[in-house]
Each structure stands twice: as structure tokens, then as C-alpha cells.
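Have a look at the structure below before the remarks.
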Amino acid sequence: MSALDDKTMGELREIAGRYPEKRSGLLPMLHLVQSAQGKVTPEAIEACAEILEISAAEVSGVATFYTMYKRHGVGDFHVGVCTNTLCAVMGGDQIFERLKQHLEIGNDEVADKRQGDQYSVSLEHVECNAACDYAPVVMVNWEFMDNQTPEGAVQMVESLRAGHDVRSTRGPKLCTWREAERVLAGFPDGRVDEGPSAGPASLAGLEIARERGWTAPHVPAPGAIAPTPSKESAVAEADTSRAESETIDESSSADESAAEKREAQ
Amino acid sequence: MTDTLTPVLTDMWDVERSWTLAAYESKGGYQALDKAFGMSQDDVIAAVKDSGLRGRGGAGFPTGMKWSFIPQDNPKPKYLVVNADESEPGTCKDIPLMMGNPHVLVEGVIISSYAIRANKAFIYIRGEVLHVIRRVQAAVAEAYAAGHLGKDIHGSGYDLDVVVHAGAGAYICGEETALLEGLEGRRGQPRLRPPFPAVAGLYASPTVINNVESIASVPSIVANGAQWFASMGTEKSKGYGIFSLSGHVTKPGQYEAPLGITLRELLDLAGGIRGGRELKFWTPGGSSTPLLTADHLDIPLDFEGVGAAGSMLGTRALQIFDDTVCVVRAVLRWTEFYKHESCGKCTPCREGTWWLVQTLARLEKGQGTEADLDTLLDQCDNILGRSFCALGDGATSPISSSIQYFRDEYLAHLTHGGCPFDAARSTAWAGQEVTA
Ligand SMILES: Cc1cc2nc3c(=O)[nH]c(=O)nc-3n(C[C@H](O)[C@H](O)[C@H](O)COP(=O)(O)O)c2cc1C
Ligand code: SF4
Ligand code: FES
């Protein structure tokens, strides 16, 4: 793989320039190099390190931490089957098995491009993608393919390989993985107005509210103003250790759980 | 009497081209902004405090109070960071909100940043939701073009820049200090607290981090008043929130209602459990909140009610499982998730989640003994309260609660020599089958 071209180098610098401290640009910069080169290459790591004035080892440490960065290439269409519990139970496990069988590959592998195929596909199982009300869910290049079935998923990957247009059920016509990565780097592709406002499940409650004439209160209700809670009562009310650790006064080192958390390090 | 459902944030979602500035403004959008600019910053904070709004990202900390912790005598710049990482299993409200109504988030960002005196805000969106990122990017661009962002907004003298930042796949980056690490271009590992982000957050400067839904609720509070917001909900859990029903319900989806609604009421609206089957177990607020059962249909879904039932309201991610589902299979899968997502910083979570998977996987195959259940609970004890961040704590929730309610089902795996359930009966397409 050759070095990054001048345009990409310019865009990498542009990303770094969006932030008060340029290192903040690293995540979107890695998305951009994936768009340019199809994966995170050693050359790209060097380039990011040079622009951000940090070591290549530091860039590499970040690139390996996040699952969306790929050291080996993916297909033109990267298919992610949600196999977190809810989707798995609803059929995600069966979809993933069927696709592995059909594509004759394992997790995180690219299927061979057959003669006549326009595009390649790769397969991975993913964690909850915040679309559980559309389970089982498949993501293609990080667009939603809602309410999938094993057969439907096989047909979809075949359409993709053949080069037919495939639309996201809640989004635009699918673009390639490299095009998608460019948007994630902060360079919009003009497809924002495609697709609906919301899918059917998103509207389930709203439709009932419309039918029954239910709304939020129209006029400010007269009731008493809620008393401003004290810091102590806020700590008592907040119901998780997350909230507690958020509220512990920075000066109170006596807090047990914070001390424990330090010990645990 | 407040209506059962109270669409506010979801109210735009059925509007034609709801994601555009024109559509949002046609519904009164960006008017709260002028009202906020007519108030002092401290009055905006007071209004949010008085509304009783508590964080919608899981922990339920009072939002206005969090804002008031920003030390205004600190000469460093202040930052607002929106947590749009939405990755807690079961949670699926912020994503449709940003897709259908991104401008309410942008307006909320402007008002909130004004209140805490920040001139730069970041929206950190998980990377795996391409179209949602497009919609938020476009909303920010439209807001700039219309003069809602940039210099001297609406002639107020107030300046604000917003950066939309895509993450790259890591559940832990939803944890607020790990998110800051990610936003600073590092591995997403939580930071030691104190110092708290309010004092030393992004770039060691005072920083407020709030969930998407928390920030998106702010324009309605400013527009309609704190009392209007507080007129919904329960005594200590005020206002409305989006409840996400998924799994074995007839009509899964998003239901925006006052806090304190019950699962029974929600299931009534959603057509009940699919195929007339029985509710077996559910999560009230994502997989990190202990499981509940059909005995908990009538608890008020507010911070206090769910807490009293031994769980947490969390993100109102109601994952519903019927009686075809093996609880051991469900719990094993969540545990594999926590093991995979453990950032590795602390030993109890890094090693502990690995052991949990080993023990559970054996049980699921019908291989261990009854003593393994105690081993599991011991392993949970070694993680809960001893991990560096709440991911480790959350990993123990499904295990300890499932053993509490379904001990016999674990044992059935041992006597049966494997899982006694047929996974095929739980799928979406098995819904049509005749119930036995
Ligand atoms: C492992 C873990 C994951 C989290 N994920 C999210 C998330 O995706 N979105 C979110 O808003 N809060 C998440 N949180 C909670 C945040 O740390 C923080 O409490 C929240 O963003 C504060 O916003 P709020 O007060 O408006 O709720 C997570 C916490 C933990 C421990
Ligand atoms: S509890 Fe887990 S996720 Fe949190 S810091 Fe420790 S290893 Fe990382
Ligand atoms: S579990 Fe699959 S999208 Fe949430």
C-alpha cells in the first residue's frame, strides 16, 4: 500500500484542525484513512502520528482499541449481524449461522468474490446497535436493515454482490464501506434527505397518542414548583453507583467506593 | 390528569421531512432559544433545576445541579459534551430521536451551552449509526447557516461552535470519562475520579456531559416552564421520557410517557406479549439493570419505584422475553458482551468477566454442578463494588438477578444435560406458531 495522497493528507490536517487540541481528531482521522485505503495501514498510522505529533505506537494503540478499525480489509459491503441477547433470541443467531454457511466464511472474514460478482461482502457479528425494537437487526456498512430473516439476509447479500441497489429500511441506498467511512470522518455525502423520519416501530407510541388525542399538557400546570434538591438528597435519590460517583465532592477523599476503585487499579 | 402518553421529543417524528430546519421551525423550533437568551445563564440553570429533570442516560442525576457544579471562577474554557454513544444493550431511544428530530438536540445544545457558559460543544455519536450521523451533521450545518450557531447567535453576543464526532465502536465509551478519553483521541478507558469532569473534564477543563435525551428535553423546559415539565411524572422523577419496548411484544417500539407509567400499562398499549404468551423476564433499563419478572408489572417505572424493586430505571430499555426463552442463554450472551467490552483497565472486571463466562458457559451446556451457582455469585461479589467503573458492576446484574428468580432453571440444565429450551421457538418468525 502506497503512502496517502496529498488530498487525504490535507483532509487529515483539516480534521485535526476542528478541535482545540489536535489529537482529538484521531478517531475521525482513522475513519478517513479507512475510507482512503480500505483499512488502517502502517503508512496511515505513521501519517496520523506525524500530523498529531505523537508516536506511531500511540496511534496504533488507539486503532486496536476500537472495533470499527480494521487491520485487514473488509468487503465493499460489511455485514454486521446483531447477536446481542435480544436480537439473538429473536433470530439473530439463526441469521448469523445462515450467512456464515451461505458465504462459507467465519466471523470477521471476507467472502471470496465469485466470477460475475460486482462487489465483495464481509461478515461480522456485532453488539447491540440501538435498534432492538426492530429485532433481529443486521447492519450493512452501518445502515439499518431492520426486522431481518435468514432467507431475507441471504437474498440481500446476493443483491449486494450482484451490484443491485439495496436500500436501508431506515435510511438511504447503501453506499460502499469506504464511502461510509468518509461520512464518519465528517465529510457528508449528500444522502441525508433519503430515507424516512422514523421507522414503524419508532412511531408505535406516537400513533396511539394521535388516535386517542393524547398530548403533553398544553398550558403550564399550576402545581407547586419542585423544591430545588440539595446535593445530599440528590446523592440519596440517584439510584446507581454511577450517579454517586458523579456527585461525590471532589474534596471528600473519604468516600469508600472511590477509594476502593482506586485500590482496584 | 396527564394523558397516558405525552409525545414531546417524539412529536416531530411523523412530520414530513422532520429532520430539516424548516420542519422544526414550522413547529416552533428555535423559539426557546430566544427565550433563553432573554434570561440570565443562572436563571436557565435554575429553570432546569426547578423542572426536576434527572439525567436520561441511566444514572438519574439532576441535570440542573450538574450544571451548577461548573466552577464559573475557573478561567479555563467550559465545554458541553453530549453523550450519544447509546450502546447499553436494549437501549434504542437516542438513535431514533437524532434521526427523526436532530434539531431539538441542537437547540438543546445551544441553550445548555449558554447556561454553563461554554463556547464549544461536542456531540459524540457512536460510529455504527451512519444515517443518524448524517442527520445530526446536517442539522448542525443548517443551524450554522440560519445563524443559530456561530458568532453572536440571534444578536445575543453569545458564540457557540459545535463539532459532531463519530466514535469507533466501544461500549465503554458511553461511560463519561472513557468518552472524554475517546474524544481526546485516546483509548477509551475510564479516568479516576476525582477530579470530576465538572472541574477537570475535556482538556482538563470544566465539562458537562449529558445524555442526548437530557439535552433534548431542555428546549421544552425553557419554552413551557419548569412547572409544566414537573407537572408530569412522579414526586421525585419528574417529566416525560421515552420508553423503549423490544422483544416479545406485539408492537415493539418507542412510547413517550410520564415517568411512573407501569409495564402493565405499556404492554396494554403495545398489544401485550406476542401470540398470547406469558411474560417471563424483562430488563427495566438495559442489560446492566437487574432482571425483573411478571411479579413486577405494576411497579411505577420511575427511579424510586424500580429501585425499590431491586433494580434500576436505567435507560428505560424494556427488553421483554416470553416463556419460550432460556434465561441462562440470555444471561450468558450478555455476559459474553461484558467480557468483550471490558476495557481491561482493572483486574476485577477484566479477569472476573472472563471467569463468569467460563462458569456460565459450562452451566449452560449442563456440565457443572449446583455448587457452580455459588461460585458464580462469589465471582459477582468480587466484581461488584470493586471495579473501577460501573461496567463491571453492570456485568453482575443479569447473573445475580437471574439466579435469584430462576435458580431452578439453572438446575434444569444440569438435570437435562443441556438447555431444555428450543431456541427456534423464540424467533420473530416463530410468533405465528400455535401456542401449546
Ligand atoms: C459502561 C457504561 C456505559 C454507558 N453508556 C452510556 C451511553 O451510551 N449513553 C449515555 O448517555 N450514558 C451512558 N452511560 C452513563 C454516563 O456515564 C453518564 O452518566 C451520562 O452520560 C450522564 O448523562 P445524564 O446525566 O444526562 O444522564 C454509561 C455508563 C457506563 C458505566
Ligand atoms: S470496570 Fe471494566 S470497563 Fe470499567 S475500568 Fe474496569 S476493566 Fe475497564
Ligand atoms: S440487541 Fe440487537 S439492536 Fe439491540
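Just so you know, all these numbers are worked out from the coordinates, no wet-lab data involved. Please read these numbers as outputs of a predicted model, since none were measured by experiment. Because the Cβ atoms are built from the backbone with ideal geometry, glycine has one as well, and the counts that use them run over all protein chains shown.
Descriptive notes on the structure:
- Kirkwood radius and radius of gyration were both taken over the C-alpha atoms of segment A:47-102, and their ratio Rg/Rh is 1.20.
- Taking label points 7 Å from Cα along the Cα-to-Cβ direction, A:Asp193 and B:Asp381 give a separation of 6.3 nm.
- Note on B:178-190: average number of Cβ atoms from other chains within 10 Å of each residue's Cβ is 5.
- Low-density loop positions, trypsin sites (Lys or Arg not before Pro), segment B:1-105 - DSSP coil, at most 16 other Cβ in 10 Å: B:Arg17, B:Lys27
- Rounded to 10°, Cα long-axis angle of helix B:390-416 versus longest principal axis of chain B: 20 degrees
- Calculated [θ] (222 nm, deg cm²/dmol) that DSSP helices of n ≥ 4 give over the protein assembly as shown, each run adding -39,500 (n - 2.57): -12500 deg cm²/dmol
- Kirkwood-Stokes translational diffusion coefficient of segment A:1-135, alpha-carbon pairs, 25 °C, 0.890 mPa s, µm²/s: 147 µm²/s
- Residues B:Met232, B:Met1, B:Met65, A:Met90 arranged by fewest to most Cβ contacts within 10 Å: B:Met1, B:Met65, B:Met232, A:Met90
- Put simply, the amide H of B:Ile320, placed in the peptide plane, has neighbours under 5 Å in B:Ser246, B:Gly247, B:His248, leaving out anything fewer than 5 places away on its chain.
- Only beta bridges with both residues in chain B are counted; by DSSP, about 45 percent of them are antiparallel.
- Point-to-point label distance, B:Thr293-B:Arg407, nm (Cα→Cβ direction, 7 Å offset): 1.1 nm
- Size check on chain B: the Cα extents along the three principal axes, sorted descending, read 73, 46, 38 Å.
- Peptide B:382-388, shielding by other chains (average Cβ, 10 Å cutoff): 3
- Extent along principal axes [Cα atoms of segment B:327-422; Å; largest to smallest]: 39, 21, 19
- Ranking of B:Asp381, A:Asp6 by neighbouring Cβ atoms within 10 Å, starting from the fewest: A:Asp6, B:Asp381.
- Peptide B:56-64 has a mean of 5 when you count, residue by residue, the C-beta atoms of other protein chains within 10 Å of its C-beta.
- Each 20 Å bin from zero holds the following percent of Cα-Cα pairs in the protein assembly as shown: 19, 56, 25, 1.
- Folded to 0 to 90 degrees: helix B:102-116 orientation relative to chain B principal axis, Cα: 70 degrees
- Taking amide H positions as modeled 1.01 Å from N, with prolines and chain starts lacking one, the residues under 5 Å from B:Arg54 and 5 or more places away or on another chain are B:Thr63, B:Lys238.
- Cα-based convex hull volume of segment B:240-322 per residue, rounded to whole Å³: 69 Å³
- Normalised contact order of chain B, rounded percent, pairs of Cα under 8 Å and 6 or more residues apart: 16 percent
- From phi via Karplus (6.51, -1.76, 1.60), per-residue ³J(HN,Hα) for segment A:130-142 in Hz, x at Gly/Pro: 6, 9, 4, 6, 10, 5, x, 10, 10, 9, 10, 6, 6
- Relative contact order %, segment A:6-65, counting alpha carbon pairs below 8 Å whose residues are six or more apart: 28 percent
- Efficiency of FRET between A:Glu53 and B:Ser156 - r from beta-carbon atoms, R0 30 angstrom, step 0.05: 0.20
- Ordering B:Thr359, B:Thr207 by the number of other Cβ atoms within 10 Å of each residue's own Cβ, fewest first, gives B:Thr359, B:Thr207.
- Semi-axes of the equivalent ellipsoid for segment A:6-65, computed as √(5λ) from the eigenvalues of its C-alpha gyration tensor and ordered from largest down, come to 15, 14, 10 Å.
- Karplus (6.51, -1.76, 1.60) ³J(HN,Hα), θ = phi - 60°, over segment B:290-300, in Hz, Gly and Pro reported as x: x, 5, 10, 10, 5, 6, 10, 5, 9, 6, x
- For segment B:244-382, the share of alpha carbon pairs falling in successive 5 Å distance bins from zero is 2, 10, 17, 19, 17, 15, 11, 7, 2, 0 percent.
- Per DSSP, loop trypsin sites (Lys or Arg not before Pro) in segment A:81-129 with at most 12 further Cβ within 10 Å: A:Arg114
- Under 5 Å from the amide H of B:Gly385 lie the amide H atoms of B:Asp393, each residue being 5 or more positions distant or on a separate chain, with H modelled from the backbone and absent for Pro and chain starts.
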